[in-house]
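The values are calculated or read from the model by the stated rules, or taken from the named source; none is laboratory data. Predicted model, so just to flag it, every value in this text is computed and none were measured. Neighbour counts are summed over all protein chains in view; Cβ atoms, including those assigned to glycine, are modelled from backbone coordinates with ideal geometry.
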C-alpha cells in the first residue's frame with residue numbers, strides 16, 4: 001500500500017507545509033514553493049498535477065468503483081496457440097490461431113499437436129473453444145480436445161494418459177487409448193467443432209456446427225490445455241478462443257447450468273416461518289427498533305424482550321438481541337444523522353468500557369466517520385485538526401485500520417470527493433456500517449462467550465460461503481469461485 005509515501009497525506013499529520021498552506025497540505029512535490037490550493041489537483045506545478053493523478057489511479061486500484069471488493073482479478077484464459085513448444089510437421093500462421101500440417105502422417109508418432117498458450121481457467125463455470133476445418137487434408141485425421149502439461153506433441157489428443165480428444169475421421173472420443181469409443185459424427189472441411197469443460201459437473205463435451213453432442217468424459221479434474229492435433233498432409237484449421245463469436249451458444253449453456261443448480265437449491269425444504277425469523281432476528285440484532293415494531297405489528301405480534309439468564313448473569317443466547325435495544329436505537333439514529341460527537345458522548349455515558357481502549361475498532365470507525373462528516377460539511381480546517389489530533393493515533397495499529405485510514409484521508413485530495421474513487425465513504429450506507437459495528441459491540445457486553453454475537457442471517461451467509469468453498473476444494477480447486485456479492489445482487 002502507498003500510505004506514508006505520498007507527502008500530501010503525511011503532511012496532514014506532521015503539519016510540515018513548504019507551501020505555507022494553513023491546512024498543512026502542499027503540492028505533492030515537497031520542494032514546490034507554490035502555496036497549496038484547497039484541492040491538490042488544482043496545483044499549477046506540473047509535477048504536482050501528475051502526482052495527484054497518480055494518487056487517483058492508485059486509489060482506483062484499491063477501491064473498486066462498484067464496491068465489489070470480493071471480486072478478484074479474472075483468471076487469464078487461452079488467447080492463442082503456443083508457438084514456443086509444439087509438434088513437428090506444423091506450420092503456424094502469424095496470427096497464432098491458424099495451423100497447417102506439412103508432414104505425410106505415415107506412423108503414429110509423427111502427429112503434429114499444438115496446445116494453447118494457457119491452461120483452461122479453473123475459476124469459471126464452463127470453458128469452451130472452437131476450431132474451423134479449413135482443409136481436411138488427405139485423410140481427415142484432425143482432432144480437438146484437452147491435454148495436460150506433460151502431453152507428447154507427437155501424439156493425438158486422447159491417445160495418451162492425461163488427454164481427451166474427439167477425432168474427425170471416425171467421430172470417436174478418445175482418452176488414454178488408441179482405441180476410441182463411439183461418440184459423435186465425423187467432421188470435415190467447413191465444419192466448426194468445439195470442445196468444452198463443465199467445471200460444475202467435471203465433464204468434457206464437444207459440439208459440431210453449433211450442436212451440443214453430449215457428455216464425452218466425466219470425472220475430469222486435471223489442469224488441461226486446449227489442444228488441436230493434425231495427422232495428414234495439407235490439413236489446416238483455424239482456432240477461435242473467443243475473440244470472435246462462437247458458432248455454439250455458450251451463454252445459453254451457462255445459463256442452463258446456473259438454472260439447473262438453482263432448481264436443486266429451491267427443492268430443499270425449509271420451515272415456512274424461517275424467513276420471518278431471520279429478518280426479525282436481523283432487525284433486533286442491529287437495533288432497528290422502529291422497523292422491528294412495524295414488522296411485528298404487521299404480523300400481529302407484540303415485540304417484547306425475554307428475561308432468561310444463565311448462571312453468570314448473562315442473557316441467554318436467544319435473548320441477547322434485546323439487550324440495550326433502546327440505547328442501540330438512539331446510537332444508530334445519532335450516527336445516521338451524522339452526529340458523531342453525540343454518539344461518542346452517549347456511548348461514554350452508557351457503556352464506557354467500549355471506549356476504555358481508545359484504539360478499539362469502534363473508536364476508530366467513529367472518529368473516521370467524524371472526519372468524513374467534516375468533509376461533507378466542507379469544514380476542512382476541522383477535518384485536518386481532527387486528523388492530526390485523533391486519527392494520527394491509530395496509524396500502524398493494524399493493517400485493516402491503516403487501509404481504511406488511507407481511503408478516509410484521501411478525501412482531501414479531491415476537489416469533488418463525491419465523484420472520487422473513495423466517494424463510498426460519503427454515502428449513508430457507510431454510516432450504517434459504523435452503526436452496525438457499534439451495535440454489535442454493545443451486544444457483545446451481554447454475550448456469555450468471548451465471541452461477538454452474530455445475527456442468524458450473517459451466520460447463514462458465512463455458512464453458505466464456507467460450504468461453497470469446501471465443495472470447490474473437494475472438486476480439486478476447480479469450478480466457479482463463489483461470490484457472495486454476485487449472489488446478493490441476483491447474479
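The conditions of being surrounded by 14 or more Cβ atoms within 10 Å (Cβ to Cβ), closer than 30 Å to residue 261 by Cβ, over 19 Å from the mean Cα position of the chain (by Cα) and assigned by TED's automatic domain parsing to the domain that holds residue 357 are met by residue 456.
Listed here are the residues, each with its yes/no results for (1) on the phi > 0 side of the Ramachandran plot; (2) at pLDDT below 65; (3) surrounded by 12 or more Cβ atoms within 10 Å (Cβ to Cβ).
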| position | (1), (2), (3) |
| --- | --- |
| 308 | no, yes, no |
| 340 | no, no, yes |
| 349 | no, no, no |
| 355 | no, no, yes |
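If you go through region 261-278 and pick out every residue that is without any contact (Cβ under 8 Å) to a residue 40 or more places away in the chain and surrounded by 12 or more Cβ atoms within 10 Å (Cβ to Cβ), you end up with 1.
Checking residue 277 against (1) touching a helix residue (DSSP H, G or I) at 6+ places or on another chain (Cβ under 8 Å); (2) part of a loop (DSSP other than H, G, I, E, B), which test does it fail? Among (1) touching a helix residue (DSSP H, G or I) at 6+ places or on another chain (Cβ under 8 Å); (2) part of a loop (DSSP other than H, G, I, E, B), residue 277 violates only (2). Note on region 60-87: among residues that are modelled with pLDDT of 90 or more and surrounded by 14 or more Cβ atoms within 10 Å (Cβ to Cβ), the one that is farthest from residue 409 (Cα to Cα) is 87. Do you know which of the residues in region 361-382 that are without any contact (Cβ under 8 Å) to a residue 12 or more places away in the chain and touching a helix residue (DSSP H, G or I) at 6+ places or on another chain (Cβ under 8 Å) is surrounded by the most Cβ atoms within 10 Å (Cβ to Cβ)? The residue in question is 363. Scanning region 460-474 for residues that are out of contact with any helix residue (DSSP H, G or I) (no Cβ under 6 Å at 6 or more places or on another chain) and surrounded by 13 or more Cβ atoms within 10 Å (Cβ to Cβ) yields 460, 461, 464, 468, 472.
Would you pick out the residues in region 475-491 that are exposed (fewer than 12 other Cβ atoms within 10 Å of the Cβ) and not in a loop (DSSP other than H, G, I, E, B)? The one that is exposed (fewer than 12 other Cβ atoms within 10 Å of the Cβ) and not in a loop (DSSP other than H, G, I, E, B): 488. State whether the residues of region 195-210 include one that is surrounded by 14 or more Cβ atoms within 10 Å (Cβ to Cβ), more than 30 Å from residue 262 (Cα to Cα) and touching a strand residue (DSSP E or B) at 6+ places or on another chain (Cβ under 7 Å). Taking every residue of region 195-210 in turn, none turns out to be surrounded by 14 or more Cβ atoms within 10 Å (Cβ to Cβ), more than 30 Å from residue 262 (Cα to Cα) and touching a strand residue (DSSP E or B) at 6+ places or on another chain (Cβ under 7 Å).
Summed over region 103-124, residues that are loosely packed, with under 14 Cβ neighbours inside 10 Å and at pLDDT 95 or above total 0. Here 190, 184, 178 are screened, and the one residue that is buried (at least 18 other Cβ atoms within 10 Å of the Cβ), in a loop (DSSP other than H, G, I, E, B) and more than 29 Å from the chain's Cα centre (by Cα) is 184. Among the residues making up region 441-465, those that are within 20 Å of residue 363 (Cα to Cα) and part of a helix (DSSP H, G or I) are 441, 442, 443, 444.
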